[in-house]
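Trainee: Following this message is one structure expressed as structure tokens.
The values are calculated or read from the model by the stated rules, or taken from the named source; none is laboratory data. Source: prediction; values computed, not measured. When we count neighbours, we look across all protein chains shown, and the Cβ atoms used for this are built from the backbone with ideal geometry, even at glycine.
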Amino acid sequence: MKLIALYFPQFHAIPENDEWWGKGFTDWTKVKEGYKLFEDHQQPRVPAEGYYDLSKKEVIAHQIDLAKEYGVYGFAIYHYWFDGKQLLEKPKEMILNNKDLDIPFCLTWANETWARRWEGKDSEVLQEQTYEPTEEKWKEHFDYVKAYLTDERAIKIDGKPVFQIYRPHLVTKVKEMLAYWRKLAREEGIGELYFMAVKSFDFPDNSILDAFDGVLLFQPHEAVNSKEYKGAKVYLENLLRHCPESLVEKMRTLRSKARTHFVLHSYEKVFETVLKRKFKYKNKDTYNMAFLGWDNTARYKEKATVYHGCTPNKFEAYLKKLSQIEAKKHTDSNDYVFVNAWNEWAEGTYLEPDTDYGLAYLEAVKRVFKDN
């Protein structure tokens, strides 16, 4: 099995974020704002090697060296495309244009509208996804992406370059778009493509998957939103005894005004659900994903969702079980398992070393994948 880690590029300044959030904003700005909501809450998260800048080649080179040393096979890099406009493209373009940044990769089109969701203002749109369903727009996107599809480092399944779509059901005429991309790829001598739909929630209609070759279960969201997941949510009434006194009244006020508060999940119970997932649609390949204690307190504060109880030892045990399950499903041509994530610091799920556990999570990966 080969481990592919989701790769998040929001660690360099861009003009749009300067305008929306303040000069010099990156995701580190939010990461530094994390604080404890209850006893033994692992906040704030602090990178052991410092708050890096992904606009610098040497930073990405170090990440790649670290990933390869500890058994991470490749990166699935988030790709932000809005009908021709891009955001946060610098890290992936740096990897593409520098062959010495040698790690397998694929693109994951994170195709959602950007809004002030962290502030509870979903209706305040920052960058809208419009999905203009024309061959002209589809070709413009394809023409950009094909450099990644034809690169010798491109991750392939059955010899076909992989392209992922995070929320496929949101794309207007997605079946027609993918059929057109396949046609262009054949005409330009690229050959066949492998499209992977990312499943975080149930699709309104599974027939959307007819246009895809495979399905990636995005964890922990997909498991928690499945019928198999039972309970494991602890709400405010059961958490007040664990909260610092300074937060108790604030949480009560939040609940009375907005009827919302932070939610705590058991990492163990959620991962047990992940291991049991048997989603299947027709003959489509299905891939599963490990995760490391998702915790978005840095972004959402008292309205956070926390998957509590993850440790390097627990992660290693679950990752080993998951890789064994996935190995039985796949052949040599598609023997991939995914992990969320390499560096989602503000969501609390990352393999990179922090000041709490150092290299322990990467050492767990090495024991499961590289040494075996």
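Trainee: Could you count how many residues in region 64-95 are closer than 30 Å to Ser323 by Cα and buried (at least 17 other Cβ atoms within 10 Å of the Cβ)?
Mentor: Within region 64-95, residues that are closer than 30 Å to Ser323 by Cα and buried (at least 17 other Cβ atoms within 10 Å of the Cβ) number 17.
Trainee: Could you tell me which residue of region 330-362 is farthest from Cys310 (Cα to Cα), considering only residues that are buried (at least 24 other Cβ atoms within 10 Å of the Cβ) and of a type in the set (Val, Ile, Thr)?
Mentor: Residue satisfying both the conditions and the ranking: Val337.
Trainee: Please indicate, with yes or no, whether at least one residue in region 43-59 is farther than 27 Å from Met289 by Cα, out of contact with any Gly (no Cβ under 7 Å at 6 or more places or on another chain) and buried (at least 18 other Cβ atoms within 10 Å of the Cβ).
Mentor: No, region 43-59 contains no residue that is farther than 27 Å from Met289 by Cα, out of contact with any Gly (no Cβ under 7 Å at 6 or more places or on another chain) and buried (at least 18 other Cβ atoms within 10 Å of the Cβ).
Trainee: Looking only at strands (runs of 3 or more DSSP E) that fall completely inside region 276-348, which ones have 2 or more residues that are in contact (Cβ under 8 Å) with a residue 12 or more places away in the chain and among the β-branched types (Val, Ile, Thr)?
Mentor: In region 276-348, 305-308, 336-340 are the strands (runs of 3 or more DSSP E) which contain 2 or more residues that are in contact (Cβ under 8 Å) with a residue 12 or more places away in the chain and among the β-branched types (Val, Ile, Thr).
Trainee: Still on this structure, please answer the following. Give the residues of region 78-93 that are of a type in the set (A, V, I, L, M, F, W, C) and in contact (Cβ under 8 Å) with a residue 60 or more places away in the chain, sorted by residue number.
Mentor: Hits for region 78-93 are Trp81, Leu87, Leu88.
Trainee: When Tyr300 is evaluated against the numbered criteria (1) among the aromatic types (Phe, Trp, Tyr); (2) under 19 Å from the mean Cα position of the chain (by Cα); (3) within 30 Å of Ala61 (Cβ to Cβ), which criterion, by number, is the only one it fails?
Mentor: (3)
Trainee: Can you name the residue in region 167-207 that is touching a strand residue (DSSP E or B) at 6+ places or on another chain (Cβ under 7 Å) and among the β-branched types (Val, Ile, Thr) and, of all such residues, is surrounded by the fewest Cβ atoms within 10 Å (Cβ to Cβ)?
Mentor: Filtering first and then ranking leaves Val171.
Trainee: Does Val31 qualify as being crowded, with 20+ Cβ neighbours inside 10 Å and either aliphatic (A, V, I, L, M) or without any contact (Cβ under 8 Å) to a residue 12 or more places away in the chain (or both)?
Mentor: Against the criterion (crowded, with 20+ Cβ neighbours inside 10 Å and either aliphatic (A, V, I, L, M) or without any contact (Cβ under 8 Å) to a residue 12 or more places away in the chain (or both)), Val31 qualifies.
Trainee: Which one is nearest to Phe195 (Cα to Cα), of the residues in region 280-321 that are touching a Lys or Arg at 6+ places or on another chain (Cβ under 7 Å) and not small (Gly, Ala, Ser)?
Mentor: Thr286
Trainee: Something else about it: Only residues that are modelled with pLDDT under 95 and among the acidic types (Asp, Glu): list them for region 196-244, please.
Mentor: Of everything in region 196-244, those that are modelled with pLDDT under 95 and among the acidic types (Asp, Glu) turn out to be Asp202, Asp205, Glu228, Glu237.
Trainee: Residue by residue through region 115-157, note down the ones that are without any contact (Cβ under 8 Å) to a residue 24 or more places away in the chain and among the aliphatic types (A, V, I, L, M).
Mentor: If the condition is that a residue be without any contact (Cβ under 8 Å) to a residue 24 or more places away in the chain and among the aliphatic types (A, V, I, L, M), then Ala115, Val125 are the ones that fit.
Trainee: Any idea which residue in region 133-158 is surrounded by the most Cβ atoms within 10 Å (Cβ to Cβ), counting only those that are in a loop (DSSP other than H, G, I, E, B) and either of a type in the set (Phe, Trp, Tyr) or in contact with a Phe, Trp or Tyr (Cβ under 9 Å, 6 or more places away or on another chain) (or both)?
Mentor: The extreme case among them is Ile155.
Trainee: A further question follows. Among the numbered criteria (1) under 20 Å from Lys2 (Cα atoms); (2) of a type outside the set (D, E, K, R); (3) at pLDDT 95 or above, which one does Trp345 miss?
Mentor: Here Trp345 clears every test but (1).
Trainee: Does any residue in region 37-48 that is within 13 Å of Glu347 (Cα to Cα) and in contact (Cβ under 8 Å) with a residue 12 or more places away in the chain come within less than 8 Å, Cβ to Cβ, of a residue that is assigned to a loop (DSSP other than H, G, I, E, B) and of a type in the set (D, E, K, R) six or more places away or on a different chain, and which pairs are these?
Mentor: Taking only residues 6 or more apart or on different chains, the pairs are Gln42/Asp356; Gln43/Lys36; Pro44/Lys32; Pro44/Glu33; Arg45/Asp356; Val46/Asp356.
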